[in-house]
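Just below is one structure, and these are the notes that go with it.
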Amino acid sequence: MTPKAIGWAAVAALLALPVSAQETADSVAPEAATAGAFAGASDAAQAAMRAKAENRPVEAEDWMVVAANPLAVEAGAEVLRAGGSAADAMIAVQTVLGLVEPQSSGLGGGAFLVWYDAASGELTTLDGREAAPLAVTPRLFQDESGEPLGFFDAVVGGRSVGTPGTPALLEEAHRRWGRSPWPSLFDAAIGLARDGFTVSPRLAGLVEGDAERLGRFPATAAYFLPGGDPVQAGDTLQNPAYAQTLQMLADKGAAGFYAGPVATGIVQTVQGAPGNPGVLSAVDLALYQVRERPATCAGFRSYDVCGMGPPSSGALTVGQILGLLDHYDLSALGAGDAGAWRLIGDASRLAFADRGRYMADSDFVPVPASGLIAPAYLKERAGLLAGDDALPEVTPGNPAFDHALNRADDESIELPSTSHISIVDGQGNVLSMTTTIENGFGSRLMTGGFLLNNELTDFSFRSHRDGVPIANRVEPGKRPRSSMAPSIVMQDGRPVLAIGSPGGSRIIGYVAATIIAWADWGLDIQQAISLPHAVNRFGTYDLEIGTGAEALQQDLEALGYEVNLRDLTSGLHGIDLRDGLKGGADPRREGIALGE
Ligand code: GLY
């Protein structure tokens, strides 16, 4: 059965089946040829691929790691097996992902990390988001007449590159929670970069689809299009420049990235980008800092859903959706019921309306964060969902705040790329980290063996509307609003689920629906992740093409929605901690869960 073949009828049937019978129901195969591409993987990794193909979670007792590529997962598993912490394992996973899944995340990007500390019982969130260079102006993404640039005219080249945050985040996580020697955490990625790794079907397909843009810059073209042709699945690809950069990080820490030859390479590449140069400078790199922020938590049923607050809109918007739905009984409706998806879709539209008006980098604009997820505010907004049909119109609400909020609605464009890592270590620490270079292959600029982000295009291209400022406008030093929603779900003060996904602003819908499927519909973590997607952000209902979600089309149209069938390529990676460890990896991508 193909990955698209799970149906709503099957989901409903699954919900009605006793747990012991569920394993014989519909299965979801991994992305085409994935297993073949990782034929050299360990027995455990092969077993994990089979589990995903059979739509079963991977089970373990002590530790678990879930990420987007088996080579990266195996690097993390090796660290955990040797007694390393979740933070140590994350460094190994991230550095390998930057090689084998370079289109999604890497040293040239940024990330948000949510950490549960088993010893203290505390949650911490770290903001390693890219920052706008000090020399940007509000007109960064506008033409001479003040009109917004076309998206890819802005993305491709130096203009969109923000100061990378990921290397500083790796160092900060290790400083706080590391147990393994720092240099050892780079061994796996350095070895694979020097000796070569096998190009996966997903990477090869994306290179082929983006060959024209990748071909515009000589360093990028030489790596991804050697001799002028796209790398092919199964090719062995070496990246000695990346090995050298990693060795610099291993030897000197983040200072080896933010100063010296790596930093010089970044600045020259951005400022010298042919046709579309940027303004990122050595000063921006030298000033970059990771920020600790308070975790943002919202109540849903008996859980607290916790994650990354501003500059991400992730936890606030997921929290609003779930907080609105907390007033409705979704378990009585079930996953195959269009009425459930009316509630989920319109809760999401209400939350996205608030997101567009209020959410941005709170170091630069006042954000009514606690007002947006205050129970009284959500209860009042939930009343808007009490009807039977799609809401004809959705407008932002008025959350409580002690500051004037004269804002215009945002129009940021976000296209999906990004990657999510979930890890539990042998001490019970939990890490949930979403990591990105923004669009697939970021700015398409490459230096030091890694791609540079295009994160600045997560800002609104317009700064004002009719003279009223937009919260997420471009400002020097500001961090662009994100949708990344790395989450840890707590119950009675204990972590019970780590989850997150790539997917641009659809990340929010993917994460919220997975939590609903797991909490309200009783799906295990793998089934919840595999559930066909139905996502509504701004009014149109997106249904995952070729899946059982299509069966909702008629009913949703009858409720008043415009419906669009399309690919919805999430990359959900989760760990359920309620009874041992159970991991799930998204069948829409190449990742696996591994644990012992
Ligand atoms: N660039 C994807 C995000 O930050 O949401």
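Filter the stretch 425-441 down to residues that are farther than 16 Å from PRO167 by Cα and among the hydrophobic types (A, V, I, L, M, F, W, C) and give me whichever is farthest from the ligand (Cβ to nearest atom).
VAL430
Looking only at the stretch 155-163, decide whether some residue is out of contact with any helix residue (DSSP H, G or I) (no Cβ under 9 Å at 6 or more places or on another chain), farther than 23 Å from VAL290 by Cα and in contact (Cβ under 8 Å) with a residue 12 or more places away in the chain.
From the stretch 155-163, those out of contact with any helix residue (DSSP H, G or I) (no Cβ under 9 Å at 6 or more places or on another chain) are none; that's our starting set.
Checked the stretch 155-163: no residue is out of contact with any helix residue (DSSP H, G or I) (no Cβ under 9 Å at 6 or more places or on another chain), farther than 23 Å from VAL290 by Cα and in contact (Cβ under 8 Å) with a residue 12 or more places away in the chain.
Does ASP284 satisfy the criteria of being charged (D, E, K, R), crowded, with 24+ Cβ neighbours inside 10 Å and touching a residue at least 60 places away in the same chain (Cβ under 8 Å)? If you could, list the steps in order and put the result at the bottom.
On the way: charged (D, E, K, R): yes; crowded, with 24+ Cβ neighbours inside 10 Å: yes; touching a residue at least 60 places away in the same chain (Cβ under 8 Å): yes.
Judged against the criteria, ASP284 is a match.
What number of residues within the stretch 312-342 are crowded, with 23+ Cβ neighbours inside 10 Å and part of a helix (DSSP H, G or I)? Spell out the reasoning first.
Step one: of the stretch 312-342, the residues crowded, with 23+ Cβ neighbours inside 10 Å are 312-325, 335, 340-342.
Now restrict to residues that are part of a helix (DSSP H, G or I): 314-325, 340-342.
The qualifying residues number 15.
Output the residue which, of all residues in the stretch 414-424 that are out of contact with any His (no Cβ under 7 Å at 6 or more places or on another chain) and among the β-branched types (Val, Ile, Thr), is farthest from the ligand (Cβ to nearest atom).
The extreme case among them is VAL424.
Name the single residue that is modelled with the lowest pLDDT among those in the stretch 383-424 being among the charged types (D, E, K, R) and farther than 30 Å from ASP337 by Cα. First the steps, then the outcome.
Just the residues of the stretch 383-424 that are among the charged types (D, E, K, R), to begin with: 388-389, 393, 402, 407, 409-411, 414.
Among the residues that remain, those that are also farther than 30 Å from ASP337 by Cα are: 402, 407, 409-411.
On the way: ASP402: 66, ARG407: 68, ASP409: 67, ASP410: 65, GLU411: 58.
Of everything passing the filter in the stretch 383-424, GLU411 is modelled with the lowest pLDDT.
Counting just the residues of the stretch 230-283 that are assigned to a helix (DSSP H, G or I) and hydroxyl-bearing (Ser, Thr, Tyr), which one comes out nearest to SER443 (Cα to Cα)? Steps first, answer last, please.
Going residue by residue through the stretch 230-283, those that are assigned to a helix (DSSP H, G or I) are 240-252, 255-258, 261-271, 282-283.
Checking the rest, the ones that are also hydroxyl-bearing (Ser, Thr, Tyr) come to 242, 245, 258, 264, 269.
Working: TYR242: 17, THR245: 19, TYR258: 19, THR264: 17, THR269: 11 Å.
Restricting to residues being assigned to a helix (DSSP H, G or I) and hydroxyl-bearing (Ser, Thr, Tyr), the top hit is THR269.
Which members of the stretch 167-181 meet the condition of being in contact (Cβ under 8 Å) with a residue 24 or more places away in the chain and closer than 19 Å to ALA286 by Cβ?
PRO167, ALA168, LEU169, LEU170, GLU171, GLU172
Mind checking which helices (runs of 4 or more DSSP H) fall wholly inside the stretch 148-225 and carry at least 2 residues that are among the hydroxyl-bearing types (Ser, Thr, Tyr)? Give the derivation first.
Values: elements: 151-155, 166-177, 187-195, 201-209, 211-214, 218-224.
Ranges flagged: 218-224.
Quick check on the stretch 534-574: of everything there that is under 17 Å from the mean Cα position of the chain (by Cα) and within 22 Å of ASP389 (Cβ to Cβ), which residue is surrounded by the most Cβ atoms within 10 Å (Cβ to Cβ)?
VAL535
Within the set of pairs 6+ apart or on separate chains, which have a first residue in the stretch 436-455 that is under 19 Å from LEU170 (Cα atoms), a second that is more than 13 Å from the ligand (Cβ to nearest atom) and part of a strand (DSSP E or B), and C-beta atoms under 8 Å apart?
Within 8 Å, the pairs are ILE437/LEU451; LEU452/MET446.
Mind listing whichever residues of the stretch 99-110 are under 13 Å from LEU192 (Cβ atoms) and either in contact with a Pro (Cβ under 6 Å, 6 or more places away or on another chain) or more than 16 Å from the ligand (Cβ to nearest atom) (or both)? Walk me through it before giving the result.
Step one: filter the stretch 99-110 for residues under 13 Å from LEU192 (Cβ atoms), giving 99-102.
Within the stretch 99-110, LEU99, VAL100 qualify.
Could you grab me the full set of residues in the stretch 462-490 that are part of a strand (DSSP E or B) and either within 16 Å of the ligand (Cβ to nearest atom) or out of contact with any Lys or Arg (no Cβ under 8 Å at 6 or more places or on another chain) (or both)? Spell out how you get there, then give the answer.
From the stretch 462-490, those part of a strand (DSSP E or B) are 464-465, 468-470, 482, 487-490; that's our starting set.
Passing the criteria: ARG465, SER482, SER487, ILE488, VAL489, MET490.
In the stretch 161-180, is there at least one residue being farther than 30 Å from LEU123 by Cβ, of a type outside the set (Lys, Arg), under 23 Å from the mean Cα position of the chain (by Cα) and buried (at least 21 other Cβ atoms within 10 Å of the Cβ)? Show your work before the answer.
First pass over the stretch 161-180, keeping only residues farther than 30 Å from LEU123 by Cβ: 161.
From the residues that got through so far, the ones that are of a type outside the set (Lys, Arg) too are 161.
Among the residues that remain, those that are also under 23 Å from the mean Cα position of the chain (by Cα) are: 161.
Now drop any that are not buried (at least 21 other Cβ atoms within 10 Å of the Cβ), which leaves 161.
Scanning the stretch 161-180 turns up at least one residue that is farther than 30 Å from LEU123 by Cβ, of a type outside the set (Lys, Arg), under 23 Å from the mean Cα position of the chain (by Cα) and buried (at least 21 other Cβ atoms within 10 Å of the Cβ).
Using the structure shown, decide if THR264 is surrounded by fewer than 16 Cβ atoms within 10 Å (Cβ to Cβ), over 25 Å from the mean Cα position of the chain (by Cα) and modelled with pLDDT of 95 or more.
Working: surrounded by fewer than 16 Cβ atoms within 10 Å (Cβ to Cβ): yes; over 25 Å from the mean Cα position of the chain (by Cα): yes; modelled with pLDDT of 95 or more: yes.
Criteria met by THR264.
Kindly indicate the residue of the stretch 442-461 that is away from the ligand (no atom under 13 Å from the Cβ) and part of a loop (DSSP other than H, G, I, E, B) and also farthest from the chain's Cα centre (by Cα) among those meeting that condition.
Initial filter on the stretch 442-461 (away from the ligand (no atom under 13 Å from the Cβ)): 444-452, 460-461.
Restricting the remaining residues to those that are part of a loop (DSSP other than H, G, I, E, B) gives 444-445, 448-449, 452, 460-461.
Working: ARG444: 19, LEU445: 21, GLY448: 24, GLY449: 22, LEU452: 17, SER460: 19, PHE461: 22 Å.
Among them, the one singled out is GLY448.
The values are calculated or read from the model by the stated rules, or taken from the named source; none is laboratory data. Because the structure is a prediction, the values reported are computed rather than measured. Cβ: placed from backbone, ideal geometry, glycine included. Neighbour counts: every protein chain shown.
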